[in-house]
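The values are calculated or read from the model by the stated rules, or taken from the named source; none is laboratory data. Just so it is clear, the structure is predicted and the values come from calculations on it, not from any experiment. Neighbour counts are summed over all protein chains in view; Cβ atoms, including those assigned to glycine, are modelled from backbone coordinates with ideal geometry.
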Amino acid sequence: MPAVETRALRADAQVNHDRVLEAAGRAFARDGEDASLKAIAKDAGVGIGTLYRRFPTRELLVEATYRSESAKLCSAAPALLETMPAADATRRWMDGFLDYLAAKRGMAGALHAVLTDDDDLRMKTRGLLFDAMATLLSAGLAEGTIRPDVNAKVVVMALGGVALIAGQPDQRDLARDLLDLLMDGLRYGARPESAHDRD
């Protein structure tokens, strides 16, 4: 019986941990690095004491949120490919990328200090983002809906440019137009698989 209770408590703690990070991601994207920790705790459905026990400083919360948001975005690529065609999955992932950068921008000051101290984290995250995009592009190439000469790094950099130009919440319509234009470029020159190739 005690072992079961211990596992239940650990499961509850993990749920609370995940809720705090999800709430923090939303808060930093919406309110910037001055987002209220009390508001984050309330949104997560936990007490402020629970938040502080897990993340004693704002910097630790920022780092954990960055790791969580990065992992969530990167894991979305294969998940999307399981439910929709590659081109649609790529376009949906692009929307998620803008949301990710909004949260990252919202905690820019504290995050800069974190990444300055841990350059490996920054480079590892960048590599994971490139890999996620490469997964999407490879699937599109296999389906014949994405052109064969596209570089994943270039696409991710282009997404960063869209976020720089139209990354504010009130610019979402412009961002969608730019992402649609980028997708048109990725489709241009695609080579649909012929019946002969399939045979």
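Listing for the model above:
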read-out: Candidates I48, I40 - the one that is farther than 17 Å from L111 by Cβ, in contact with a Leu (Cβ under 9 Å, 6 or more places away or on another chain) and not assigned by TED's automatic domain parsing to the domain that holds D170; value: I48
read-out: Where T145 falls short, out of the listed (1) among the polar types (S, T, N, Q); (2) touching a residue at least 40 places away in the same chain (Cβ under 8 Å); (3) assigned to a helix (DSSP H, G or I); value: (3)
read-out: Conditions (1) surrounded by fewer than 17 Cβ atoms within 10 Å (Cβ to Cβ); (2) over 19 Å from T65 (Cα atoms); (3) of a type in the set (A, V, I, L, M); (4) modelled with pLDDT of 90 or more; number of the one not met by L136; value: (1)
read-out: Whichever residue in the stretch 150-165 is assigned to a helix (DSSP H, G or I) and without any contact (Cβ under 8 Å) to a residue 12 or more places away in the chain and, among such residues, is surrounded by the most Cβ atoms within 10 Å (Cβ to Cβ); value: G161
read-out: Candidate set: the stretch 52-88, residues that are among the acidic types (D, E) and at pLDDT 95 or above; chosen: the one surrounded by the fewest Cβ atoms within 10 Å (Cβ to Cβ); value: E82
read-out: Residue check for R147: surrounded by 13 or more Cβ atoms within 10 Å (Cβ to Cβ), closer than 30 Å to E59 by Cα and either of a type in the set (V, I, T) or modelled with pLDDT of 90 or more (or both); value: no
read-out: Filter pass, D120 being within 16 Å of Y188 (Cα to Cα) and exposed (fewer than 12 other Cβ atoms within 10 Å of the Cβ); value: no
read-out: R126 assigned by TED's automatic domain parsing to the domain that holds L182, of a type in the set (K, R), assigned to a helix (DSSP H, G or I) and surrounded by fewer than 17 Cβ atoms within 10 Å (Cβ to Cβ); value: yes
read-out: Evaluation of T83 against (1) closer than 23 Å to A35 by Cα; (2) not in a helix (DSSP H, G or I) (one fails), failing number; value: (1)
read-out: Test: residue in the stretch 89-99 that is of a type in the set (S, T, N, Q), on the phi < 0 side of the Ramachandran plot and surrounded by 20 or more Cβ atoms within 10 Å (Cβ to Cβ); value: yes
read-out: Pair list, Cβ under 8 Å, 6 or more apart: the stretch 47-71 residue among the polar types (S, T, N, Q), other residue in a helix (DSSP H, G or I) and surrounded by fewer than 18 Cβ atoms within 10 Å (Cβ to Cβ); value: S68/D18; S68/E22; S70/L128
read-out: Residue match in the stretch 51-65 (condition: closer than 24 Å to L137 by Cα, touching a Leu at 6+ places or on another chain (Cβ under 9 Å) and assigned by TED's automatic domain parsing to the domain that holds A163); value: no
